[in-house]
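In what follows, a structure is listed as structure tokens, so that the remarks can point back to it.
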Amino acid sequence: MRQVTGARTSETFEGTYECRACGFEAPVLVYGSGRGSAAGWSHDSAEAALADASQDAGDVAAWTLAFVPCPRCGKRDPIARSYVITAVVLAILGGLGFGALFGVLVSCERLFDGGALELAVLTAATIAALAIFLAKARAFIGIRQRVAIDMARATGIPPATVVQA
């Protein structure tokens, strides 16, 4: 059996919030949590797992900024929508694949009869899909509690003014 060391971390990252729509910029603090793993049980494995978890937390924090609505214009980064669509598609495909595999393995063992097999496969597929979606959703769940924009040091292009003739 393969030995694996796991690690979890939570970190706060400093960065700059940039709105693509209006040019607003401000310093920001973003909280991210991550999980990591490395082969083995040595001290080096623990350090590698923690580095992997730290990288994951940084990735979550970076993606989180795409979901923060701009304090000036209220728009989000257009890539946020693509990220959510990707998360949903991965969850559906992963759930279907796991459900199909589970169905084949369970039907070979004849553990369920009739309708119970379909229910077991549907349950397994749903649980797998939810797990996949929630793993991706870490970037956009609870963003208001995980992001602090420093409005006092905000800069950027002022919003366009409308002149009526």
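The values are calculated or read from the model by the stated rules, or taken from the named source; none is laboratory data. Keep in mind that this is a model prediction, so the values were computed, not measured. Note that we place each Cβ from the backbone using ideal geometry, even for glycine, and neighbour counts take in every protein chain shown.
The single condition among (1) free of Cβ contacts under 8 Å to residues at least 24 places away in the same chain; (2) closer than 20 Å to Leu130 by Cβ that Thr16 does not satisfy is (2).
For Thr16, the conditions (1) of a type outside the set (A, V, I, L, M); (2) surrounded by fewer than 17 Cβ atoms within 10 Å (Cβ to Cβ); (3) within 13 Å of the chain's Cα centre (by Cα); (4) part of a strand (DSSP E or B) are fulfilled apart from (3). Here the helices (runs of 4 or more DSSP H) wholly within region 76-163 that include at least 3 residues being modelled with pLDDT of 90 or more and surrounded by 13 or more Cβ atoms within 10 Å (Cβ to Cβ) are 79-109, 115-137.
Selection of region 38-50 for residues being surrounded by 15 or more Cβ atoms within 10 Å (Cβ to Cβ) and not in a helix (DSSP H, G or I) yields only Ala38. Answer yes if at least one residue in region 59-75 is assigned to a helix (DSSP H, G or I) and among the basic types (Lys, Arg), and no otherwise. No: region 59-75 contains no residue that is assigned to a helix (DSSP H, G or I) and among the basic types (Lys, Arg).
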